[in-house]
Every structure is written in C-alpha cells, then in structure tokens.
1. Going from the alpha-carbon gyration tensor of region 97-186, what semi-axes, largest first and in whole Å, does one get by taking the root of 5 times each eigenvalue?
2. Quick check: Cα centre of region 123-149 to Cα centre of region 1-64, how many Å?
3. Which whole-number percent of Cα pairs in region 32-88 have a distance greater than 14 Å?
4. To the nearest 10 degrees, how steep is helix 2-35 against the longest Cα principal axis of the chain, on a 0 to 90 scale?
5. Normalised by the number of residues in the chain, what is the relative contact order in percent for Cα pairs under 8 Å and 6+ residues apart?
6. Once you've got the GNM for the chain with C-alpha springs shorter than 10 Å, pick whichever of 154, 37, 163 has the biggest mean-square fluctuation.
7. Relative to the longest principal axis of the chain, what angle (0 to 90°, nearest 10) does the C-alpha long axis of helix 111-123 take?
8. Quick check: pseudo-label points 7 Å beyond the Cα along Cα→Cβ at residue 94 and residue 184, how many nm apart are they?
C-alpha cells in the first residue's frame, strides 16, 4: 500500500513539474511557429520526447527515493520495545520481491544492553509471563492490546516475539547467551 501511495505521489509530482515546463515552452513554440522557424512535425517530435523523458524521470525518482522506514524503528514499533543505545548491527538486509519482501535485521548487544532489553521485554504490553515457548504456539498464548495480537514469551535461549498482521509476519528472537537479537519481517 505504501509503495502504491509513493508511486502515485511521484506520478503527480512529475506531471505537475512537466506541466509547468510545458506552459513555459508554449509561448516560445508559438513565436517560433509564427516566425517560420518551427514546424508542426518538429513540435510533435519535441512533445513526444518531452513526455518520454518525463516518464523516465518519474521512474528514476521512484527507484531512487528511499521510502523504507529504518529497521530499528520498525522493530521497536512492531515489538513494543526500545533497543538500548549501545549495539552493533550485524546484518541489515531488505529483499524486495515486488509486493512481497523480507527484512532481516540482526543486532549484537553488550551484556548490559541485553539485560536492559530483557527488562524492556518484560515490561512490554505483549509479554506473556505464563508461557515458555517450546516450538509451538497456540492462539491462547497471544495477547491482544490496541487491536494488535502478538506475544513476547520466554524460550530456552532467551525470548521470542510473534506477531501476525494482514499478510505480514514479524518474528524476534533474543538469545541471552550470545546477546544477539534477530528480527525478521516478511510479507507474503
């Protein structure tokens, strides 16, 4: 949905810019046609070249504009946690497959920041202290808060987070032995 909105915004912006340029061009065109230095055929060729160049410019703008929210921001918002200030990003990949995508974000935490993050997880509105993740998750373990269904829970390695959106899944694993946090978001 965001891609469609950005695409429409770029089309409108490019069309407005092109329209303004064309309005500036019209008086010069009319003056050159009256003076006999410009033919209607040449005018049509320039018009088509102008339209094609505007389309190419719009496509280039669409491909260049960085429209993706930063991974840290996405993780914090989706999982209802705040990452500590001292961490090292191990991997940040965004694999775009048209409408479908996968985001992989791995973070190395220090001992102090892993402890701080563990405390933040236990304060999360999605934390289920009664459940220990053992490879399966039923609907009863999820917590519904602000019309969002998700769960943070303990696991043998540390903590796990699961959230299912409309055609999007979010998974977070905090390994408290290695102090590595893995965030995976994918659309299908």
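Just so it is clear, none of the values below were taken in a lab; they were calculated from the coordinates. Owing to the predicted nature of the structure, the values given are computational and were not obtained by experimental measurement. Counting neighbours? That spans all protein chains shown, and the Cβs are built from the backbone with ideal geometry, glycine included.
1. On the way: eigenvalues 88, 66, 26 Å².
Listed largest to smallest, the semi-axes of region 97-186 are 21, 18, 11 Å.
2. 54 Å
3. Working: 1185 of 1596 pairs.
Cα-Cα pairs of region 32-88 separated by over 14 Å account for 74 percent.
4. The two axes meet at around 10 degrees.
5. Values: 243 pairs, mean separation 29.8, N = 188.
Reported as a whole number, the value is 16 percent.
6. Of 154, 37, 163, the most mobile in the Gaussian network model is 37.
7. So the inclination is approximately 90 degrees.
8. Distance between the two pseudo-spin positions: 2.0 nm.
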